[in-house]
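The values are calculated or read from the model by the stated rules, or taken from the named source; none is laboratory data. Everything numeric here is computed off the predicted structure, so don't read it as measured data. Note that we place each Cβ from the backbone using ideal geometry, even for glycine, and neighbour counts take in every protein chain shown. Ligands, DNA and RNA are excluded from the accessible area calculation, which covers all protein heavy atoms including side chains. Shrake-Rupley method; radii C 1.70, N 1.55, O 1.52, S 1.80 Å.
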Amino acid sequence: MDFDIDRLIREEVKDLPIYNPGKSPEEVARELGVFGCVKMASNENPLGPSPRAMEAVREELPSAHIYPDGNSIELREALSRKLGVAAENIVVSHGADEAFDLMAFAFLGPGDEIVVGDPTFTSYELAALTMGAAVVKVPLRDYRQDIPAMLAAAGERTKYVVLCTPINPTGTTVSRHELEEMLESLPPNVLLVLDEAYVEYVTDPDHPDALAYLAGQPRLVVARTFSKVYGLAGLRVGYVITSLPVRDALEKVKLPFNVNRLGQVAALAALDDEEHVARSRELNERGKERLYRVLEETGFAYIPTQANFILVNNGAYPDLFERLIANCVIVRAGEAIGVPGHVRITIGDDAQNDMLERALRAITGGG
Ligand SMILES: Cc1ncc(COP(=O)(O)O)c(C=O)c1O
């Protein structure tokens, strides 16, 4: 008898797309024969991990045979001191990504809906679809999340609305006023999930301090990560700050040892290394101003960003993604992330930005 996967696999899972991350330099070398590329595609920290985090990992390695603390207590306490929220309101996760899975496991099933921007980071959608829930996508307006339209889209079946701020892939933010409007106008039984993966890069003084709203808002769920400004994307540590009832629900569905020992100690050390965070932010600001100038000089329109990446309009070069690769610079193709006609470029260090500048000038004939 033939093996028939379709009789086994859940209906919801059959048609799920497989997440397709940005290309690595190794892939580009293998597939296209272009060697020595820089990767400016996945919004990683070009400074790397904090030296203190690396030291902490080295010290922890001999204990790798012992299970980690399933409650990440030390890290939660350090986050509590840093953020001024109680440790009991924090759940440490396997990257912010796990937080979106936990939300879906805990709250979604067939017949439920979530509301998200379109385009936005795909993990919310994939997690919801896996659970058989529907995803209501509200188009961005001028590259920003359309708060009134998202509010209007939240109905009887809606379990939660996700706002990403700054939003991947455009780098725009939700203002204080917009967050307040959302919190005041959402039906009481709808959760509001804020994805703040890039919040440490924000310089706009009108960006809300989401944590200041937690006290009166049991339905607010804030997800953050050590993958971006803290430079630990490879160790997979994120966290959620939320009310006790939501925390309890998330704890029920999380794996017992969701964050490994190396990730926990690295995150603890990175949290303390304020100098590394400050240098990372400063490098990003300097790189941003430089890339804005280069893009202007080479004739590319871009969306001003509050994150560590810039969304750039392909303009006269529909194949900009391929042309950049031919010039040894890997960026993220807009088609893959819901913004055809654009590329998303991670702001690099000086050497990476040099490569990008050279590539853009070569493509456009100088600028
Ligand atoms: C908006 C957004 N949220 C979450 C993540 C995932 O973060 P993590 O590495 O913590 O899973 C990313 C990664 O690029 C992102 O862009």
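Just one of G132, G117, G70, G95 is farther than 30 Å from T170 by Cβ, at pLDDT 95 or above and not assigned by TED's automatic domain parsing to the domain that holds P21; which is it?
G70 is the lone residue from the list that is farther than 30 Å from T170 by Cβ, at pLDDT 95 or above and not assigned by TED's automatic domain parsing to the domain that holds P21.
Please list, ordered by first then second residue, the pairs with beta carbon atoms under 8 Å, 6 or more apart or interchain, first in segment 265-282 and in a helix (DSSP H, G or I), second open to solvent by 100 Å² or more (accessible area, probe 1.4 Å).
V265/E59; L268/E74; A269/R52; A270/R52; D272/R52; H276/R52
Looking at R286, R281, can you tell me which residue is within 18 Å of the chain's Cα centre (by Cα), open to solvent by 60 Å² or more (accessible area, probe 1.4 Å) and in the same structural domain as E44 (by TED's automatic domain parsing)?
R281
In contact (Cβ under 8 Å) with a residue 40 or more places away in the chain and of a type in the set (S, T, Y): does that describe Y317?
Judged against the criteria, Y317 is a match.
For the list (1) in contact (Cβ under 8 Å) with a residue 60 or more places away in the chain; (2) not in a helix (DSSP H, G or I), I need the number of the one condition that N353 fails.
(2)
May I ask you to verify whether I9 is under 24 Å from L232 (Cα atoms), of a type in the set (A, V, I, L, M) and assigned to a loop (DSSP other than H, G, I, E, B)?
Here the answer is no, as I9 does not meet what is asked.
Name the residues in segment 94-145 that are farther than 12 Å from V162 by Cα, charged (D, E, K, R) and away from the ligand (no atom under 16 Å from the Cβ), would you?
The answer is D112, R141, D142.
Can you spot a residue in segment 188-199 that is of a type in the set (F, W, Y) and farther than 22 Å from F121 by Cα?
no
For segment 189-203, give me each residue that is acidic (D, E) and within 10 Å of T165 (Cβ to Cβ).
If the condition is that a residue be acidic (D, E) and within 10 Å of T165 (Cβ to Cβ), then D195, E196 are the ones that fit.
Report every pair of residues separated by at least 6 positions or lying on different chains whose Cβ atoms are under 8 Å apart, first residue within segment 1-30 and without any contact (Cβ under 8 Å) to a residue 12 or more places away in the chain and at positive phi, second outside any loop (DSSP other than H, G, I, E, B) and not polar (S, T, N, Q).
Note: no pairs meet the criteria.
Considering only segment 235-269, state which residues are within 9 Å of the ligand (Cβ to nearest atom) and either of a type in the set (A, V, I, L, M) or out of contact with any Lys or Arg (no Cβ under 8 Å at 6 or more places or on another chain) (or both).
Those that are within 9 Å of the ligand (Cβ to nearest atom) and either of a type in the set (A, V, I, L, M) or out of contact with any Lys or Arg (no Cβ under 8 Å at 6 or more places or on another chain) (or both): R236, V237.
Got a number for residues in segment 213-231 being within 15 Å of the ligand (Cβ to nearest atom), closer than 21 Å to Y124 by Cα and not small (G, A, S)?
The qualifying residues number 6.
Considering segment 313-332 alone, what residues qualify as being surrounded by fewer than 24 Cβ atoms within 10 Å (Cβ to Cβ) and either under 20 Å from Y198 (Cα atoms) or of a type in the set (D, E) (or both)?
D319, E322
Would you kindly identify the helices (runs of 4 or more DSSP H) lying entirely within segment 15-117 that contain at least 3 residues that are surrounded by fewer than 16 Cβ atoms within 10 Å (Cβ to Cβ)?
25-32, 51-60, 73-83
Can you tell me which residue within segment 191-212, out of those that are among the charged types (D, E, K, R) and not in a loop (DSSP other than H, G, I, E, B), is farthest from the ligand (Cβ to nearest atom)?
E200
Just checking, does segment 136-156 include any residue being in contact (Cβ under 8 Å) with a residue 60 or more places away in the chain and either surrounded by 20 or more Cβ atoms within 10 Å (Cβ to Cβ) or of a type in the set (D, E) (or both)?
No, segment 136-156 contains no residue that is in contact (Cβ under 8 Å) with a residue 60 or more places away in the chain and either surrounded by 20 or more Cβ atoms within 10 Å (Cβ to Cβ) or of a type in the set (D, E) (or both).
Restricting the search to segment 156-181, which residues are away from the ligand (no atom under 15 Å from the Cβ) and either acidic (D, E) or over 21 Å from R247 (Cα atoms) (or both)?
E156, R157, S175, R176, H177, E178, L179, E180, E181
Among the numbered criteria (1) in contact with a helix residue (DSSP H, G or I) (Cβ under 9 Å, 6 or more places away or on another chain); (2) within 24 Å of P256 (Cβ to Cβ), which one does G109 miss?
Checking G109 against (1) in contact with a helix residue (DSSP H, G or I) (Cβ under 9 Å, 6 or more places away or on another chain); (2) within 24 Å of P256 (Cβ to Cβ), the one that fails is (1).
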